[in-house]
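Written out below as C-alpha cells is the structure these notes cover.
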Amino acid sequence: MLKALIDQQPFTTIHHTKEELLKLRKSSPHFLCPHCSAPLILKVGHIKIPHFAHAANKPCPYQSRNETPMHVWSKALLFKRLTQLYEDVELEYYLKNIRQIPDLFINLKGERIAIEVQCSTIPVSEVKFRTEGYRKERIHPLWILTQPVSRSIPLKLTTFQQAFLRFSPDLNYFLLHFEPEKKSFTIFPNLTPVSSNLFLHSKQIVIPLNEITLPISISPPGTNDSNLLKNWWGYRQKWIYNKVNYNSLRDNSFLKEVYEEGDTIIYLPLFIGLPVIPHMGIVKNHPVEWQYYLFKDVMKKYRSFTKEMMDNAMTRRMAKGDIEMRDFPLSNGETGMQSIISDYLALLEKVGVVSSGEGKTYTLSNGWNCPGRMTEFEQHEHDFFSKWKHILKKD
Ligand SMILES: [Zn+2]
C-alpha cells in the first residue's frame with residue numbers, strides 16, 4: 001500500500017524521493033495502517049516503488065489484496081495524474097459501508113468514482129461482487145486492466161480479460177487497457193469475436209496518461225468500419241475446419257446434430273455464421289453454432305415464424321447448455337440479448353434469406369437447403385457474396 005498514518009496524518013510515499021523516504025525512516029516515526037491501525041514498515045527497495053507493508057500478519061481489510069509491483073506502480077502513476085486534475089482524490093480509500101478499498105477514489109462535484117487497477121487474475125465473481133458493491137453505494141466503478149494482453153491479430157483475450165469488456169453505443173464492446181511502462185491507455189473498440197478467445201477490433205485508440213481526464217473522452221472511431229469484417233469469412237471457415245479436424249461426432253454435440261439432421265458442416269450456407277454487430281460478443285458460442293441451432297429449431301421447422309419463437313428457442317438452448325453467454329460484470333445489464341436476434345433477422349432479410357410479412361412474421365424465401373456438394377456450395381457462395389458485398393457497402 002502507498003498510504004500510512006503518521007501522528008494521525010495521512011502520508012503517501014508518492015510525492016517523495018527515495019532519499020527523502022530513507023531519511024524519514026531513519027527518524028523512526030510510527031507508521032500506522034489507516035485501515036486497521038496496525039504498525040506498518042516503510043519499504044524502499046529496488047523492485048517495487050516505495051510502499052508500506054504490515055509489520056505482522058494481522059487481519060486487515062487491506063491485507064487480502066495481492067499487490068504486484070506493476071499494480072503499485074500503475075496506481076502511483078494514476079494517482080499522480082489525477083491529483084493534477086482534481087482536488088478530491090483519495091488513495092486506497094476505505095468505504096466503510098461496503099468494506100471495500102478502491103485503489104483510487106475521486107469525488108467529482110458530487111459524482112463519486114472508484115478506480116480499481118487490476119493486474120493479477122482474480123475470480124470473475126470477485127470483479128462482479130466489488131462492482132455491485134460500488135453500484136449499491138451509487139459510486140461509479142472504473143476498472144482498469146493493467147495485466148499484459150497479447151497484441152496478436154485478432155486480439156487474444158483470456159476469460160478473465162474478457163470480463164473487462166464494456167459496451168458503449170460509440171465503441172460497441174471495448175476494452176480499456178493501461179500500460180504503466182508506456183504510460184498510456186489503449187482502447188480496443190468494436191471487439192468482434194471470431195472464436196471463444198479471439199477478437200477482431202477497429203483501430204485502437206491510444207491516450208497518453210498525461211492527456212487522460214474523467215470521464216475518459218475520445219472521438220469515437222465510428223462503427224462504420226468495413227475493414228473490421230474484411231477477414232470474417234476466412235475466420236468462419238477456419239473455425240469450421242478446426243471443428244471437423246479436432247472434434248469427433250461422438251463427443252461434439254454440435255457436429256452430431258448437424259450430421260443427424262442430414263446437413264454437411266463444411267457446406268453450411270453462409271447465412272449461418274453471419275457477423276451480428278454489435279452485440280454478438282455476448283454469446284460465447286461461435287455464430288455458426290447458435291445460428292444453426294436457430295435454423296434447426298425454428299426456421300427450418302416452421303414455414304413462418306416470429307422473433308418471439310426465435311427468442312424462445314435461444315432460451316431453451318441456453319437452458320440445455322448448448323448456448324453459453326459471456327459474463328460481462330462491468331456492463332450495466334445492457335447486454336443486448338434481445339437485440340441480437342432482431343439484428344440477426346434484419347441481416348437475414350437484407351441478404352434475402354427471409355422476408356417479413358404481416359403480423360411480424362418471417363418466412364424463409366427459398367426454403368431450407370444445405371448444399372450437398374462442392375459445386376453447389378460454390379454456386380451458393382457466388383450468389384451470397386454478391387448480395388453481401390452490397391450490404392457491407394451500404395452500411
Ligand atoms: Zn492494516
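Summary table
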item: Spatial separation of Cα centroids for segment 144-169 and segment 87-124, in angstrom; result: 21
item: Separation of the residue 25 and residue 88 label points, Cα + 7 Å toward Cβ, nm; result: 3.5
item: Equivalent ellipsoid semi-axes - Cα gyration tensor, segment 232-394, angstrom; result: 22, 21, 17
item: Cα centroid of segment 305-366 to Cα centroid of segment 16-53, whole Å; result: 57
item: Most fluctuating residue given options 260, 116, 324, as computed from a GNM of the chain linking Cα atoms under 10 Å; result: 260
item: Along principal axes, Cα extents of segment 1-64, largest first, whole Å; result: 31, 27, 18
item: Those residues of segment 261-295 whose amide nitrogen sits under 13 Å from the label point placed on residue 255, 7 Å along Cα→Cβ; result: 265-266
item: Under the Debye formula (equal points on every Cα, no solvent term), log10 I(q)/I(0) of segment 69-221 at q = 0.08, 0.12, 0.15, 0.17 Å⁻¹; result: -0.22, -0.51, -0.81, -1.05
item: For residue 255, net neighbour charge (Lys/Arg +1, Asp/Glu -1) across residues whose Cβ lies under 14 Å away; result: -3
item: Packing-based ranking, highest mean first, of 181-192, 9-20 given that Cβ atoms within 10 Å are counted; result: 181-192, 9-20
item: Percent RCO, i.e. relative contact order, over segment 253-395, from Cα pairs under 8 Å lying at least 6 residues apart; result: 30
item: Summed side-chain charge close to residue 111 - residues other than residue 111 whose Cβ falls under 14 Å, Lys, Arg +1, Asp, Glu -1; result: +1
item: For peptides 380-392, 193-205, 29-41, sequence by mean Cβ density within 10 Å, most packed first; result: 193-205, 29-41, 380-392
item: Neighbourhood charge, 10 Å Cβ-Cβ cut-off, centred on residue 70 and excluding it, Lys, Arg +1 and Asp, Glu -1; result: -1
item: Coil-residue chymotrypsin sites (Phe, Trp or Tyr not before Pro) of segment 230-312, DSSP, other Cβ within 10 Å capped at 14; result: 302
item: For segment 181-208 and segment 215-288, distance of Cα centres in Å; result: 20
item: Candidates 285, 107, 242: whichever shows maximal mean-square fluctuation once the chain is modelled as a Gaussian network with Cα springs under 10 Å; result: 242
item: Separation in nanometres of the label points that stand 7 Å from Cα toward Cβ, at residue 339 and residue 381; result: 3.3
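Throughout, read-outs are computed from the coordinates displayed, never taken from laboratory work. Note that the structure is predicted; figures quoted are calculated from it, not measured. Reconstructed Cβ throughout: ideal geometry from the backbone, glycine too, with neighbour counts over all protein chains shown.
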